[in-house]
There are 2 protein chains.
Amino acid sequence: MARKRVTLADVAAAAGVSPTTASLVLTGRGRELRISDIVQERVHAVSDELGYRPNIVSIGLSKGTTKTIGFVSDTVATSQLAGDMIRGALEAAQEHGYMLFIGETEGDAASERQLIDAMLDRQVDGVILASMFTRLRPLPSTLDGTAAVMLNALPVGASAVPSVVPDEYAAGRSAVRLLLEAGHRSVHLIGAGPGEHDVPPATVAGRERLAGIRDELASAGLAPASGWLCDAWLPPNGFAAVHDLLARDPTPRALICFNDRLAFGAYQALQEAGLRVPEDVSVVSFDNATLAEWLRPGLTTFGIPHEELGRRAVEVLLGMREKAEPAEASGSPVVHRLAMPLFGRGSVAAVAR
Amino acid sequence: MARKRVTLADVAAAAGVSPTTASLVLTGRGRELRISDIVQERVHAVSDELGYRPNIVSIGLSKGTTKTIGFVSDTVATSQLAGDMIRGALEAAQEHGYMLFIGETEGDAASERQLIDAMLDRQVDGVILASMFTRLRPLPSTLDGTAAVMLNALPVGASAVPSVVPDEYAAGRSAVRLLLEAGHRSVHLIGAGPGEHDVPPATVAGRERLAGIRDELASAGLAPASGWLCDAWLPPNGFAAVHDLLARDPTPRALICFNDRLAFGAYQALQEAGLRVPEDVSVVSFDNATLAEWLRPGLTTFGIPHEELGRRAVEVLLGMREKAEPAEASGSPVVHRLAMPLFGRGSVAAVAR
DNA sequence: TAGCGCTGCTAAGCCGATTTAGCACAGAGA
DNA sequence: TCTCTGTGCTAAATCGGCTTAGCAGCGCTA
């Protein structure tokens with residue numbers, strides 16, 4: 001069955017010219033090399049008729065470029081996030097005629113190395129190293145000499161690799177500002193805080209959100225009313241933290257949850273205590289998980305622009321390939337910070353007096 | 001910077017043999033073609049020392065196989081599901097030394113065609129056509145002559161392509177059996193039913209789940225107590241359906257929700273009506289979304305084995321490449337149905353008497 | 001001592017494109 | 001008539017590996 005692919009040689013034969021001529025015409029160098037209009041037209045016509053498409057593998061062999069990008073993610077555990085990030089990358093890649101190899105390491109260094117090798121064996125033009133939660137990560141040494149971009153992660157060590165991350169710090173400030181504008185002066189933190197070092201280890205997001213929160217509070221002459229550091233940021237943790245908070249302060253007015261799943265747990269605890277959102281308690285959160293929309297009332301949250309992050313990573317990577325080695329040239333690695341958009345729903349109200 | 005890749009020629013030169021010899025040794029045909037042990041050893045040593053890795057692009061050019069599979073999904077809207085499916089596919093592919101191209105069509109036929117072309121241009125060895133919800137879909141004609149497998153979708157038309165889908169029908173039967181064993185005799189359906197044709201259009205999952213449910217009820221001499229067909233299967237739909245149900249029957253005993261998001265809405269409606277899960281109402285559902293674990297009480301649900309589906313699709317695809325054209329040979333396309341595992345949590349209790 | 005078979009290795013072609021160098025022909029000028 | 005300059009096209013090398021066919025040298029037989 002398998003109809004054989006139409007090759008350049010087929011086109012050339014059918015048009016009665018040499019493969020060279022066909023190649024020149026189809027790569028747009030016909031005029032430059034003085035192929036007559038009649039022949040050019042004939043080649044194009046035959047090419048269309050036969051449905052010729054160049055074999056990228058072949059081009060890859062001689063040019064060393066395969067129009068392919070490797071996308072290495074460390075975990076797809078919280079895969080919804082990964083999906084959007086990949087989607088953005090995919091779209092940007094497709095727009096530029098690139099394809100994406102996807103690979104997953106589950107955080108294992110050996111399998112990361114293996115995966116990157118497999119990609120290099122296939123002559124990828126560049127590699128995106130994505131993390132599903134913002135963190136510091138080293139650049140694998142195999143990637144020396146290959147264009148690379150970190151996505152939702154920051155390079156550690158001397159490697160001068162550009163990175164693309166959400167602007168967590170700004171979002172932290174914005175979250176506080178939102179509550180201040182609603183008249184709140186007492187803000188409890190669920191998931192981290194109150195001190196600047198009270199964050200789960202290795203999460204850049206937590207550290208930067210907290211820094212933003214604390215700085216914005218400070219500029220209003222305030223400090224967190226309380227902070228509840230959690231090991232993990234899942235609903236049960238949020239539930240427990242708010243449960244504990246209510247034991248100390250039975251009528252909190254405003255919560256900032258460090259992510260939406262914590263907020264979900266917070267909702268549950270508040271509800272069981274007979275407190276209503278937002279009439280009794282305002283809640284602001286981060287991530288804009290799908291969940292945020294489904295809660296009743298809807299959760300006001302700062303979203304991670306996953307799709308935009310993925311898209312930007314691809315664009316940065318393709319940009320690198322044009323200029324020679326710009327990251328190293330400019331001395332220090334470039335960090336692209338993308339704004340986290342606010343999704344205002346029903347969970348914030350003016351403070352009750 | 002970019003250290004040049006080590007080629008076979010480099011290894012050969014360093015070992016003082018011809019490229020032919022090096023190739024034979026490294027592809028394991030050394031003994032067969034009588035290369036002396038001394039030379040074999042030397043070639044291997046040099047190869048290791050230089051860190052030689054064969055360039056798969058080159059092999060792809062001559063052999064036409066690139067150890068690469070294209071994974072085309074129609075939508076990543078509900079991307080968590082996609083993520084797990086892709087993860088399973090990824091793992092299986094990696095185990096066999098294959099890489100995955102990922103592409104997304106957003107359901108658009110033109111972009112699907114374009115994507116598949118882009119993959120064929122890169123000489124993929126096969127293509128997996130994945131849907132994020134089980135449905136019928138035609139096989140794009142460009143794929144004639146290429147190995148293909150449908151994932152979470154069934155081929156429509158004469159194309160003899162194997163497919164891998166969850167066994168929705170069996171899960172429907174199991175859901176009912178679970179309730180029957182708990183002593184329930186009155187079962188309300190949220191999302192579809194009561195009649196066998198009362199399903200949202202084009203969802204195979206709904207149709208098959210409903211068929212299983214109705215058949216199992218029938219074999220106990222029962223029929224659905226009521227059924228609430230919803231346009232979409234999102235929390236607000238579940239909320240509304242249960243709201244309506246309660247207007248007719250204020251004390252339902254058992255609900256089967258057609259997915260977890262409907263069940264989430266059902267929980268909310270039950271809660272607002274002062275009914276408790278599972279003491280007053282038992283709830284069974286399908287999908288095992290992450291959400292199911294977070295609800296209080298945890299939702300008892302039949303999960304879609306996404307990871308297993310993805311994995312199996314790859315295995316079926318790679319299996320096809322070994323035998324010639326087995327699907328067509330065997331006459332009718334093979335459908336692989338994978339069991340949907342039960343995740344028993346706290347939402348089902350023995351019927352109150 | 002020519003012929004045969006075996007051992008151990010290599011030359012050369014191929015996959016499908018791009019690219020460089022250059023060929024054949026026509027017309028113009030010396 | 002010979003050279004020179006364009007014009008229009010093509011041969012051949014290349015990318016990096018695999019594969020087929022075959023070569024050289026040796027010992028053994030007839």
Exercise. Of B:156, B:165, which residue is in contact with a Lys or Arg (Cβ under 9 Å, 6 or more places away or on another chain), surrounded by fewer than 21 Cβ atoms within 10 Å (Cβ to Cβ), among the aliphatic types (A, V, I, L, M) and more than 10 Å from every other protein chain (Cβ to nearest Cβ)?
Worked result: B:156
Exercise. In the range A:44-58, what count of residues is obtained for those that are within 11 Å of DNA strand C (Cβ to nearest atom), among the hydrophobic types (A, V, I, L, M, F, W, C) and surrounded by 17 or more Cβ atoms within 10 Å (Cβ to Cβ)?
Worked result: 2
Exercise. Quick one: residue A:127 ticks every box in (1) crowded, with 16+ Cβ neighbours inside 10 Å; (2) among the aliphatic types (A, V, I, L, M); (3) over 27 Å from residue A:60 (Cα atoms) bar one, so which box is it?
Worked result: (3)
Seminar exercise, completed: Screening A:137, A:113, A:122 for residues that are outside the structural domain of residue A:18 (by TED's automatic domain parsing), farther than 24 Å from residue B:116 by Cβ and either within 16 Å of DNA strand C (Cβ to nearest atom) or surrounded by fewer than 16 Cβ atoms within 10 Å (Cβ to Cβ) (or both) leaves only A:113
For this session: Determine if the range B:186-202 includes at least one residue that is assigned to a helix (DSSP H, G or I) and surrounded by 21 or more Cβ atoms within 10 Å (Cβ to Cβ).
Result: no
Exercise. Among the residues of the range A:10-43, which ones are small (Gly, Ala, Ser) and either within 14 Å of another protein chain (Cβ to nearest Cβ) or more than 7 Å from DNA strand C (Cβ to nearest atom) (or both)?
Worked result: A:12, A:13, A:14, A:15, A:16, A:18, A:22, A:28, A:30, A:36
Problem set entry | Matching residues in the range B:1-34 - criterion: being more than 9 Å from DNA strand D (Cβ to nearest atom) and modelled with pLDDT of 90 or more | B:13, B:14, B:15, B:16, B:17, B:25, B:28
For this session: Kindly indicate whether residue A:300 is of a type in the set (Ser, Thr, Tyr), more than 14 Å from every other protein chain (Cβ to nearest Cβ) and surrounded by 24 or more Cβ atoms within 10 Å (Cβ to Cβ).
Result: yes
Exercise. Which of (1) more than 15 Å from the chain's Cα centre (by Cα); (2) farther than 30 Å from residue B:14 by Cα is the odd one out, the single condition residue B:60 does not satisfy?
Worked result: (2)
For this session: Kindly establish whether residue A:6 is over 28 Å from residue B:290 (Cβ atoms), within 14 Å of chain B (Cβ to nearest Cβ) and assigned to a loop (DSSP other than H, G, I, E, B).
Result: yes
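The values are calculated or read from the model by the stated rules, or taken from the named source; none is laboratory data. Everything numeric here is computed off the predicted structure, so don't read it as measured data. As a convention, Cβ positions derive from the backbone with ideal geometry for all residues, glycine included, and neighbour counts pool all protein chains shown.
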